1. Conditions: (1) at pLDDT below 80; (2) under 24 Å from the mean Cα position of the chain (by Cα). ASP52 meets all but one. Number of the miss?
2. Could you list, in sequence order, all residues of segment 92-133 that are closer than 30 Å to ALA56 by Cβ and in a helix (DSSP H, G or I)?
3. Return the only residue of GLY121, GLY127 being buried (at least 17 other Cβ atoms within 10 Å of the Cβ) and of a type in the set (Gly, Ala, Ser).
4. Could you tell me which of the residues SER9, SER47, SER35 is out of contact with any helix residue (DSSP H, G or I) (no Cβ under 9 Å at 6 or more places or on another chain) and either in the same structural domain as ARG286 (by TED's automatic domain parsing) or modelled with pLDDT under 85 (or both)?
Amino acid sequence: MIRLEAYGSKERMARAEAALDRLEGVERVTSVDGSQPGHVVVGAVVSRQSVDRVVAEMRQIGISDEDLTLTREERIGRFMPARSDAALVWEDVLGSARIDARPVFHYLAFMFVAGVIACYGVLDNNGILIVGAMAVSPDLLPITAIAVGVVGARIALASRALLTLAFGLTTATVSATVFAFLQEALDLLPGGFDVDQTILHSLTSVNDETIVVALFAGAAGMLALESRASSAVGVAISVTTIPAAAYLGVVLGLGDLSKAGGAIAVLATNVVMMVIGASVTLFVQRLVASRDPAA
């Protein structure tokens, strides 16, 4: 359940209270005098399925976002619908996307670590290390934020998230480049190492598998927002980004520039297809939620 509070003049809050009384999925509507003379605070408990419609109604009345507060509540009871916790709440998704679109230090640090681990996975031809790097990578966050910006027609959000993703993938690539270069400079490469014989050597050309895997990885990432499986699905997302970024870093670090172009093409294709997959999935989720009779 979501606790809603709106603040404004008595006249406007009277209209808000009347609207809340008639909307489905709203209960326990209250009204108390505000701290300023002539102002009132109206509160209500709103089901998750009804939040988007209620917020839209409040905005139509003229209540600004600054005067509107939404707080998540947990209700203990025997007769709660099992589905209510899984409903897609657009305001909730949008709020998470705004947070995920920022290039915070921890995000870049995780991408750096993922790049280093994947680099050694490539050099040692070790699939376990590459999977570990994918588990560490948090690039699920900006990718889903881009999709939210695209579907919500919020260009600034999508651009900011895309920039964050670019920073992250660049960080992973640079870290792999540096460590691959150091391995070669210090003569620490495995004996007989050949970049063409690594388990990621196919990441120099785009094929149908590249497109399909990235498309469905993006869809899985967006579904994770509703199913709360983001930790597990993050690995599926990273299977299309971290290996390609690390392989690109390794070939750059070893000076094999002939393969860099193909690796960049694979990485760019993966990002584009993931955004498309995530955006289509979110669009369908919103469409289904808007037609849900319980909403």
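1. Of the numbered conditions (1) at pLDDT below 80; (2) under 24 Å from the mean Cα position of the chain (by Cα), the odd one out for ASP52 is (1).
2. Within segment 92-133, the first condition is being closer than 30 Å to ALA56 by Cβ, and the residues that meet it are 92-102.
The answer is ASP92, VAL93, LEU94, GLY95, SER96, ALA97, ARG98, ILE99, ASP100.
3. On the way: GLY127 fails: buried (at least 17 other Cβ atoms within 10 Å of the Cβ).
That would be GLY121, the only listed residue that is buried (at least 17 other Cβ atoms within 10 Å of the Cβ) and of a type in the set (Gly, Ala, Ser).
4. It is SER35.
The values are calculated or read from the model by the stated rules, or taken from the named source; none is laboratory data. Since the model is a prediction, treat every value here as computed from it, not as a measurement. All Cβ positions, glycine included, derive from the backbone under ideal geometry; neighbour counts span all protein chains shown.
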